[in-house]
1. Taking amide H atoms as placed 1.01 Å from N in the peptide plane, list the residues 5 or more away in sequence, or in a different chain, whose amide H sits under 5 Å from that of L228.
2. Over the stretch 40-86, average the accessible area per residue using a 1.4 Å probe and give it in Å², no decimals.
3. Of the DSSP beta bridges with both residues in the stretch 193-334, give the percent that are antiparallel, rounding to the nearest 5.
4. For L166 and Y132 in the same chain, what is the full-extension length gain: residue separation times 0.36 nm, less their Cα-Cα distance, in nm?
5. May I ask for the angle, rounded to the nearest 10°, between helix 42-56 and the longest principal axis of the chain, with both axes built from Cα atoms and the value confined to 0 to 90°?
6. Can you compute 3J(HN,Hα) from phi for each residue in the stretch 243-249, using the Karplus curve 6.51 cos²θ - 1.76 cosθ + 1.60 with θ = phi - 60°, rounded to whole Hz and x for Gly and Pro?
7. Given the DSSP H assignment, sum -39500 (n - 2.57) over each helix run of at least 4 residues in the chain and divide by its residue total; what's the result at 222 nm in deg cm²/dmol, nearest 500?
8. Give, in nm to one decimal, the length gained when the segment between V156 and R105 is fully stretched (0.36 nm per residue of separation minus the Cα-Cα distance).
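The values are calculated or read from the model by the stated rules, or taken from the named source; none is laboratory data. What you are looking at is a predicted structure, and each value in this text was computed from that prediction instead of being measured. With ideal geometry, Cβ positions are generated from the backbone for all residues, glycine too; neighbour counts draw on all protein chains shown. These area figures cover heavy atoms from the full protein model, side chains too; ligands, DNA and RNA do not enter into them. Shrake-Rupley method; radii C 1.70, N 1.55, O 1.52, S 1.80 Å.
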Amino acid sequence: MPERLQPLQYLLLPLIILGGVYVYLPQLPPFSSPWEELLPSVPYLLGGLIALLGWHFNSGRSLLACILILLTNLSLRQPFEPLYQQTLLVLLPLNMAQIAWYRERGVLSPTALVRLAWIAAQIAAVTAAIHYHPEQLLQGLNFHPQQLPELPLPFVVLSTLAIAGLAVLARLLSQQDRFDAYLLISVVVSCGLILLPIPQRDLSLVISVLLALWLFSLFRHSHSLAYLDDLTGLPGRRALNEHLTRLGKQHCLAMLDVDHFKKFNDKHGHDVGDQVLKLVASKIAKVRQGKGYRYGGEEFCVVFAGRKLEQTLEPLEELRQAIEDARLQLRSAKRPQSNDQGKKQRGTAGAKSSSVSVTISIGIAEHQPKQNTLKAADKALYKAKAAGRNRVCH
């Protein structure tokens, strides 16, 4: 799969689960009496859990998505007029698309509260319009360009679904975030439930499964916060420490350090330094036979589970060479900050930019009885630095 389309893999698990639910629903036997009575409450219990986790992990966008799903569930349990159905089919996907493009602002920030108020204002406006001006609302929703043929759904509804779906899909492909994949699934499932109503019991089950997927997404988010380095995307030191406890007797550890990184930062600035760390991390993530971690600052670690020392030297030398050959383009000092103006200057003298490169020193150690392998690798790293840097030592 092309790299740009790889985020579509995030859709696979929820599609399999929800597809299995839809297939199995007609064959599902009734629950025993207490559970059958509790079933309509399950979506709201899951919603409460999502709200608590969203607050704890400062994920306001997850909370907004959960609120929209629960509002859809609540709406589908009421007598459903066609006018209300069409209105919901317009507002639900549009709000989901807005959430996709929102910046995360937490749960209790002023921006987050304004977003909640915006949803409440829409509910109030739709309720008032249906009650006082139903004919005008119906006329607007049923607008149909004369040049178009007859459509299975009103033109406004179809246009909204298409625009919102494409907006969320574009966000997913550009940001490569699992959150946007779950938003896209939520748009499809929620609108499908509005268009093709199902029995109340089945509705509770489908909504519960959808919210359980959001709960799973929040747990993954919490795992990322705890174990992934925010800058480089590599697992951090906590993940490394846990991996070390699971290693067998046969393994090697490599410590890597960006050469003269402090001087580089002082010369080019921290923003360029961060870009260099990302570049180095992207190469470390691809090292053959090993698993890369960010140890801290400009230091990284690679774990070679089940490998002997001689088996690690070639992959590490390939990594060292790949980083030495890599170049990072610097923005010209004369280049405007505006991307549009910058594009106009491409190919001109004012648009010329320079590139920078870095090297790394690597220390590798094989596990020995009664030896701290990490300290041994760190000792080998200092040996590489003393020998002139940009090399692998053991």
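1. It is G236, by chain and number.
2. Working: 2190 Å² over 47 residues.
Heavy-atom SASA per residue in the stretch 40-86 reads 47 Å².
3. Details: 13 of 13 bridges.
Bridges in the stretch 193-334 that DSSP calls antiparallel: roughly 100 percent.
4. Fully extending the segment from L166 to Y132 adds 8.9 nm.
5. Approximately 40 degrees, to the nearest 10.
6. 5, 4, 6, 9, 6, x, 5
7. On the way: 16 runs with 240 residues, N = 394.
Rounded to the nearest 500, it is -20000 deg cm²/dmol.
8. Values: separation 51, 0.36 × 51 = 18.36 nm, distance 3.10 nm.
Going from the current span to full extension adds 15.3 nm.
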